[in-house]
Amino acid sequence: MSDHQKKSSRGWNRLTLMLIGGVPLLVMLAATWLWVFVARGELDLVGMLGTANRGILVRPMMSVEDLPLRQIDGEELRFAELPRLWTLVVPATEQCNAECAETLYLTRQVRLALGGDGLRVRRWYLNLGAPLLRETEALIGDSHPDLQTVVASRDKFASLVAQARLEGRILEPGTWWVIDPMGWIMMLYTADNSYKDSIGDLKFLLKNTSEEGLP
């Protein structure tokens, strides 16, 4: 092999190595770019690719990590310090009436139906400033021992969800929603959604994510 051929071969090998090393980096950069724009709501990737979900996708997704949360005893609750679980949230602004009780029952049955994956899911009853009446405390204590009552400011919550233009729907009776393990409000269910709708979506999400909730 001539010197010229050897130099050409070495040059081609270097180029091949650069391409092999560069492609994964480009893929990572592209994925990061896509995530930033999707999270900001500047790119509707789900709408472009299509989706089979039955719930209402919250777009742009909204993070609750900066939303001040408290436990029922007044102690501060920091989402970022909690175990990385999926969270089913039933919002409440007043006494838990029959429709509220039905929604709590539905989310309980959904979690149970997930079997072993139910251990990756928790349930919250989100109180937005209304006093927790004795009847509601009794309902939660008797029928929902796994349900955690969390308190947030109604004004701060409204400010958070205003960007998705879903405030009216996100608080209407019979509504509940899903927070992913990283703290993003990403799916909304209304009274129009069936039990099977939510089970199908959650099984898909849990199947296609790791224990930490990441792909």
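Where a number appears in this text, it was derived from the coordinates with a stated rule and is not lab data. Note that this is a predicted model, so its numbers are computed, not measured. For neighbour counting, all protein chains shown are included, and Cβ atoms are generated from backbone atoms with ideal geometry for every residue, glycine included.
Structure above, values below:
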| item | result |
| --- | --- |
| Spin-label pair Ala158/Lys203, simplified geometry with 7 Å Cα→Cβ offset, distance in nm | 4.0 |
| For region 115-121, 3J(HN,Hα) per residue [Karplus equation, 6.51 cos²θ - 1.76 cosθ + 1.60, θ = phi - 60°, Hz, x = Gly/Pro] | x, x, 5, x, 5, 8, 10 |
| Those residues of region 53-70 whose amide nitrogen sits under 11 Å from the label point placed on Thr190, 7 Å along Cα→Cβ | 56 |
| Principal axis box of region 51-207, alpha-carbon based, largest edge first, Å | 38, 35, 30 |
| Rel. contact order, % - alpha carbon contacts under 8 angstrom, at least six apart, region 51-207 | 38 |
